[in-house]
Amino acid sequence: MNLAVVKHSFIISILIISFSSCLGPKKINKWTEKKYAGRVNEPVRKKSDFITITSALAPMGEQACNTEKKTSHLLPLLFYWQWDYKNTCTLNPKIPVNNFTSTVLSYSNSKLKQKLNGQTIQLSIDQIPNAYAIDDKGHLIWLIYAFGWDLITVQPEASNLVVSYKVLDTNGAETKKGTIRIADSNKTFALKEFQSLKKKTWKYLDQYDASITTMSKQFVDQLLTQL
């Protein structure tokens, strides 16, 4: 093989890998923080005198998210290369917890109050979806020249909504308790040719917010059937 062709192919492969690996935690954090600007400490507007909601999730302070990058499946063979760059972004749990709290207080108010009949209820959020990943699977084939392509997806890090509850009578004595699990309904978004990864990520996060709202309503519906 001509030395110039080999050198040219090598340069192409390096450019493809460099392009794939340039997407890192700093950029994803910036996109996510801009999307959720001002929402980390957003107060819950609606209040309740018979529902108390707490979270058992580890706090993340004031930051909106934290992203970590992992490289796996690196396969540099003679004629075929394969790699997988995965950036996993963990959202501040305050974001979905505030969504859950607002939804539960507005969606369940009258129906739940009637069911409790003067009693109070304590809800503890034990688990809630709060992470997603941008996964870049790259491929490179050497056929005199290097031909490469990527499959980039924005995907959920599957985690169900798990909420424990306790019902207390007017004297503070426990009358009923239980745990409700709601399956994560978030879907994977694939990046198509000429699409913006930033816009696709924001579209995924729009879906994520809507999914948390839907899952919160499903929780209330199940809670009403158990009381």
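The values are calculated or read from the model by the stated rules, or taken from the named source; none is laboratory data. Keep in mind it's a predicted model, so treat the numbers as computed, not measured. Calculation scope for accessible area: heavy atoms of the full protein, side chains included, ligands and nucleic acids excluded. Shrake-Rupley method; radii C 1.70, N 1.55, O 1.52, S 1.80 Å.
With both bridge residues required to lie in region 143-227, what share of the DSSP beta bridges run antiparallel, to the nearest 5%? Walk me through the numbers on the way to the answer.
On the way: 11 of 11 bridges.
In region 143-227, DSSP labels about 100 percent of beta bridges as antiparallel.
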Can you list the lysines whose alpha carbon is less than 18 Å from that of residue 34, not counting same-chain residues fewer than 8 positions off? 26, 94, 198, 199, 200, 203
Amide H neighbours of residue 157 at under 5 Å, excluding residues fewer than 5 places away on the same chain, with H built from the backbone geometry, are 131, 132, 133
Residue 177: which lysines have alpha carbons under 18 Å from its alpha carbon, excluding same-chain residues fewer than 8 sequence positions away? 113, 115, 166
What is the mean projected area of the alpha carbon convex hull for region 173-227, to one decimal in square nanometres? 4.9
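Accessible area per residue for region 154-222 in Å², computed with a 1.4 Å probe and the full protein assembly in place, what is it?
Details: 3730 Å² over 69 residues.
Accessible area per residue: 54 Å².
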